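The values are calculated or read from the model by the stated rules, or taken from the named source; none is laboratory data. Predicted model, so just to flag it, every value in this text is computed and none were measured. Virtual Cβ from ideal backbone geometry, glycine too; neighbours counted across all protein chains shown.
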Amino acid sequence: MRVLSAVLVFGLGVTAAHAGSLVGKLELPAPPDRPPVATRGFLDRVENPLTKINPVNVAPYLVVVAEAEAPAPESSIQVSWELVGDSFGKPLLAVPAGAEVVIKNVTKTARSLVAVEDPKLIPGGPINPGGPKSFRTKEAKAYTITASDAPHIKAKLLVVTTPYVANIDDNGKFEIPELPGGTYKLRIYYFNPLSSKDGWLDRPDDAVVIPAKGKGEVTAKIPTGYPLKK
(Lines give C-alpha, C1' and ligand atoms only; values in the text may rest on other atoms or scores of the structure.)
Protein backbone atom coordinates (compact mmCIF):
# COMPACT_ATOMS: atom_id res chain seq x y z
CA MET A 1 0.00 0.00 0.00
CA ARG A 2 1.02 3.62 -0.26
CA VAL A 3 0.82 6.76 1.76
CA LEU A 4 -1.59 9.28 0.28
CA SER A 5 -0.68 12.76 1.52
CA ALA A 6 -1.44 12.69 5.26
CA VAL A 7 -3.67 9.61 5.36
CA LEU A 8 -2.94 5.91 5.24
CA VAL A 9 -5.47 4.04 3.09
CA PHE A 10 -5.74 0.28 3.40
CA GLY A 11 -7.95 -1.70 1.05
CA LEU A 12 -10.26 -4.40 2.37
CA GLY A 13 -11.84 -5.42 -0.91
CA VAL A 14 -14.35 -2.54 -0.77
CA THR A 15 -15.00 -0.84 -4.09
CA ALA A 16 -15.62 2.87 -4.42
CA ALA A 17 -19.20 2.12 -5.50
CA HIS A 18 -19.99 0.75 -2.04
CA ALA A 19 -17.91 3.12 0.05
CA GLY A 20 -18.09 6.65 1.31
CA SER A 21 -15.53 8.89 2.90
CA LEU A 22 -15.03 10.80 6.12
CA VAL A 23 -13.74 14.35 6.23
CA GLY A 24 -13.29 16.34 9.38
CA LYS A 25 -11.47 18.94 11.37
CA LEU A 26 -9.96 18.88 14.84
CA GLU A 27 -10.35 22.09 16.81
CA LEU A 28 -6.95 22.36 18.46
CA PRO A 29 -6.30 24.33 21.66
CA ALA A 30 -2.98 26.01 22.34
CA PRO A 31 0.05 23.70 22.25
CA PRO A 32 1.20 22.34 25.61
CA ASP A 33 3.69 24.45 27.56
CA ARG A 34 7.34 23.63 27.30
CA PRO A 35 8.58 21.62 30.29
CA PRO A 36 11.00 23.17 32.80
CA VAL A 37 14.70 22.82 32.18
CA ALA A 38 15.82 19.37 33.30
CA THR A 39 19.58 20.04 33.20
CA ARG A 40 20.90 23.50 33.97
CA GLY A 41 23.93 24.89 32.23
CA PHE A 42 26.05 27.89 33.03
CA LEU A 43 23.26 30.30 32.05
CA ASP A 44 19.54 30.22 32.69
CA ARG A 45 17.30 29.79 29.68
CA VAL A 46 15.88 33.11 28.44
CA GLU A 47 13.43 34.06 25.74
CA ASN A 48 14.81 35.07 22.36
CA PRO A 49 14.96 38.92 22.44
CA LEU A 50 14.89 39.24 18.63
CA THR A 51 12.01 37.04 17.55
CA LYS A 52 9.22 35.04 19.09
CA ILE A 53 9.83 31.31 19.20
CA ASN A 54 7.20 29.39 17.29
CA PRO A 55 5.00 27.13 19.43
CA VAL A 56 5.23 23.38 19.06
CA ASN A 57 3.32 22.05 16.06
CA VAL A 58 1.20 19.23 17.51
CA ALA A 59 -0.29 18.11 14.18
CA PRO A 60 2.31 15.36 13.50
CA TYR A 61 1.62 13.94 16.98
CA LEU A 62 -2.11 13.35 16.47
CA VAL A 63 -3.83 10.54 14.60
CA VAL A 64 -7.54 9.98 13.96
CA VAL A 65 -8.88 6.42 14.11
CA ALA A 66 -12.30 5.32 12.80
CA GLU A 67 -13.39 2.08 14.50
CA ALA A 68 -16.27 -0.08 13.28
CA GLU A 69 -18.50 -2.00 15.68
CA ALA A 70 -16.72 -5.25 14.79
CA PRO A 71 -12.90 -5.25 14.67
CA ALA A 72 -11.46 -5.75 11.21
CA PRO A 73 -9.53 -8.95 10.45
CA GLU A 74 -5.75 -8.79 10.56
CA SER A 75 -4.28 -6.96 7.60
CA SER A 76 -1.47 -8.13 5.33
CA ILE A 77 -0.59 -4.72 3.89
CA GLN A 78 2.88 -3.20 3.94
CA VAL A 79 3.59 0.28 5.33
CA SER A 80 6.83 2.21 4.82
CA TRP A 81 8.29 4.32 7.66
CA GLU A 82 11.34 6.50 6.99
CA LEU A 83 14.09 7.23 9.47
CA VAL A 84 15.30 10.71 8.48
CA GLY A 85 18.26 12.29 10.24
CA ASP A 86 17.83 11.94 14.00
CA SER A 87 14.08 11.38 13.85
CA PHE A 88 11.36 9.54 11.97
CA GLY A 89 9.55 11.23 9.11
CA LYS A 90 6.33 10.55 11.03
CA PRO A 91 6.81 10.69 14.82
CA LEU A 92 3.46 8.89 15.23
CA LEU A 93 2.47 6.13 12.82
CA ALA A 94 -0.78 4.15 13.05
CA VAL A 95 -1.17 0.79 11.30
CA PRO A 96 -3.71 -2.07 11.49
CA ALA A 97 -2.83 -5.26 13.34
CA GLY A 98 -1.04 -7.71 11.09
CA ALA A 99 0.51 -5.05 8.88
CA GLU A 100 4.15 -5.34 7.85
CA VAL A 101 6.13 -2.23 8.79
CA VAL A 102 9.21 -1.54 6.67
CA ILE A 103 11.61 0.96 8.26
CA LYS A 104 13.84 2.62 5.68
CA ASN A 105 17.02 4.30 6.86
CA VAL A 106 17.54 7.25 4.51
CA THR A 107 20.35 8.67 6.67
CA LYS A 108 24.09 8.09 6.37
CA THR A 109 24.33 6.50 9.81
CA ALA A 110 23.52 2.94 10.81
CA ARG A 111 20.97 2.72 13.64
CA SER A 112 19.96 -0.11 15.96
CA LEU A 113 16.25 0.27 16.67
CA VAL A 114 14.24 -1.37 19.42
CA ALA A 115 10.63 -1.35 20.62
CA VAL A 116 10.70 -0.61 24.36
CA GLU A 117 7.49 -2.56 25.10
CA ASP A 118 8.64 -5.63 23.12
CA PRO A 119 12.40 -5.92 22.44
CA LYS A 120 11.71 -8.85 20.08
CA LEU A 121 9.36 -6.91 17.80
CA ILE A 122 12.11 -5.47 15.58
CA PRO A 123 14.77 -7.95 14.41
CA GLY A 124 18.17 -7.34 16.02
CA GLY A 125 21.13 -5.74 14.32
CA PRO A 126 21.67 -2.29 12.80
CA ILE A 127 19.79 -0.83 9.86
CA ASN A 128 22.52 0.29 7.49
CA PRO A 129 22.22 3.51 5.46
CA GLY A 130 19.84 2.95 2.57
CA GLY A 131 18.83 -0.42 3.93
CA PRO A 132 15.39 -1.48 5.16
CA LYS A 133 14.30 -3.61 8.09
CA SER A 134 10.82 -5.06 8.34
CA PHE A 135 8.64 -6.69 10.97
CA ARG A 136 4.99 -7.64 11.31
CA THR A 137 2.66 -6.26 13.96
CA LYS A 138 0.26 -8.51 15.85
CA GLU A 139 -1.06 -7.04 19.08
CA ALA A 140 -3.09 -3.81 19.09
CA LYS A 141 -1.08 -1.53 21.38
CA ALA A 142 1.34 1.40 21.30
CA TYR A 143 5.07 0.80 20.93
CA THR A 144 7.85 3.26 21.74
CA ILE A 145 10.51 3.00 19.05
CA THR A 146 13.98 4.25 19.92
CA ALA A 147 17.61 3.62 19.01
CA SER A 148 19.91 1.85 21.44
CA ASP A 149 22.82 3.88 20.08
CA ALA A 150 20.87 7.17 19.98
CA PRO A 151 18.27 7.32 22.81
CA HIS A 152 17.17 10.83 21.75
CA ILE A 153 15.45 9.21 18.75
CA LYS A 154 11.88 8.40 19.78
CA ALA A 155 8.71 7.67 17.87
CA LYS A 156 5.40 5.92 18.47
CA LEU A 157 3.96 3.01 16.51
CA LEU A 158 0.24 2.66 17.18
CA VAL A 159 -1.25 -0.71 16.21
CA VAL A 160 -5.05 -0.61 16.01
CA THR A 161 -7.92 -2.93 15.10
CA THR A 162 -9.03 -0.90 12.08
CA PRO A 163 -7.45 0.01 8.75
CA TYR A 164 -9.09 3.46 8.73
CA VAL A 165 -6.64 5.97 10.18
CA ALA A 166 -5.52 9.46 9.23
CA ASN A 167 -2.95 12.03 10.21
CA ILE A 168 -4.03 15.68 10.26
CA ASP A 169 -2.61 18.70 8.49
CA ASP A 170 -1.38 21.83 10.26
CA ASN A 171 -4.93 23.22 10.27
CA GLY A 172 -6.37 20.13 11.95
CA LYS A 173 -8.08 18.80 8.81
CA PHE A 174 -8.13 15.14 7.81
CA GLU A 175 -9.81 12.75 5.38
CA ILE A 176 -10.34 8.99 5.38
CA PRO A 177 -11.56 7.78 1.97
CA GLU A 178 -13.28 4.53 0.99
CA LEU A 179 -15.01 3.59 4.23
CA PRO A 180 -17.78 1.01 3.87
CA GLY A 181 -21.15 2.50 4.75
CA GLY A 182 -22.00 2.21 8.45
CA THR A 183 -21.44 3.72 11.89
CA TYR A 184 -17.94 4.34 13.20
CA LYS A 185 -16.47 5.51 16.46
CA LEU A 186 -13.98 8.32 16.01
CA ARG A 187 -11.08 8.24 18.46
CA ILE A 188 -7.99 10.47 18.66
CA TYR A 189 -4.54 9.36 19.77
CA TYR A 190 -1.94 11.84 21.01
CA PHE A 191 1.81 11.51 21.52
CA ASN A 192 3.10 14.46 23.60
CA PRO A 193 6.39 15.54 21.98
CA LEU A 194 7.42 17.45 25.11
CA SER A 195 6.92 14.77 27.73
CA SER A 196 6.91 11.55 25.64
CA LYS A 197 3.51 10.68 27.13
CA ASP A 198 0.94 9.21 24.82
CA GLY A 199 -2.56 7.79 24.86
CA TRP A 200 -6.14 8.23 23.72
CA LEU A 201 -7.47 11.70 24.39
CA ASP A 202 -9.92 11.90 27.29
CA ARG A 203 -12.98 13.07 25.37
CA PRO A 204 -16.24 11.54 24.11
CA ASP A 205 -15.69 9.24 21.16
CA ASP A 206 -17.70 10.69 18.27
CA ALA A 207 -20.16 8.37 16.49
CA VAL A 208 -20.14 9.14 12.77
CA VAL A 209 -22.35 7.64 10.08
CA ILE A 210 -20.77 7.02 6.69
CA PRO A 211 -23.20 6.70 3.75
CA ALA A 212 -22.69 3.91 1.20
CA LYS A 213 -22.02 6.69 -1.27
CA GLY A 214 -21.07 10.25 -0.49
CA LYS A 215 -19.32 11.86 2.42
CA GLY A 216 -19.62 11.99 6.18
CA GLU A 217 -18.38 15.06 8.04
CA VAL A 218 -17.35 15.65 11.65
CA THR A 219 -15.79 18.40 13.75
CA ALA A 220 -14.06 17.23 16.92
CA LYS A 221 -12.92 19.52 19.70
CA ILE A 222 -9.81 18.65 21.68
CA PRO A 223 -9.91 19.70 25.35
CA THR A 224 -7.40 22.25 26.63
CA GLY A 225 -4.27 20.58 27.88
CA TYR A 226 -4.69 17.50 25.68
CA PRO A 227 -5.76 15.27 28.63
CA LEU A 228 -5.22 11.54 28.23
CA LYS A 229 -7.52 8.76 29.40
CA LYS A 230 -6.30 6.91 32.49
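This table checks each residue for (1) within 26 Å of Leu22 (Cα to Cα); (2) modelled with pLDDT of 95 or more; (3) not in a strand (DSSP E or B).
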| position | (1), (2), (3) |
| --- | --- |
| Pro73 | yes, no, yes |
| Ala94 | yes, yes, no |
| Gly98 | yes, no, yes |
| Val102 | no, yes, no |
| Thr107 | no, no, yes |
| Ala140 | yes, no, yes |
| Ile153 | no, no, no |
| Lys156 | yes, yes, no |
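A count restricted to segment 206-230 and to residues that are exposed (fewer than 15 other Cβ atoms within 10 Å of the Cβ), within 17 Å of Glu175 (Cα to Cα) and not polar (S, T, N, Q) stands at 9.
Among the conditions (1) touching a residue at least 12 places away in the same chain (Cβ under 8 Å); (2) exposed (fewer than 15 other Cβ atoms within 10 Å of the Cβ); (3) under 26 Å from Val56 (Cβ atoms), Gly131 misses just one, which is (3). From the set of residues in segment 64-106 that are buried (at least 16 other Cβ atoms within 10 Å of the Cβ) and of a type in the set (Val, Ile, Thr), which is farthest from the chain's Cα centre (by Cα)? Checked segment 64-106; the qualifying residue farthest from the chain's Cα centre (by Cα) is Ile77. Checked against (1) surrounded by 10 or more Cβ atoms within 10 Å (Cβ to Cβ); (2) at pLDDT below 75, Gly41 passes all but a single condition, namely (1). Of all residues in segment 80-92, those satisfying the criterion of being in a loop (DSSP other than H, G, I, E, B) and either over 16 Å from Pro129 (Cβ atoms) or of a type in the set (Val, Ile, Thr) (or both) are Lys90, Pro91. Of all residues in segment 187-230, those being over 23 Å from Pro32 (Cα atoms), of a type outside the set (Gly, Ala, Ser) and touching a residue at least 24 places away in the same chain (Cβ under 8 Å) number 8.
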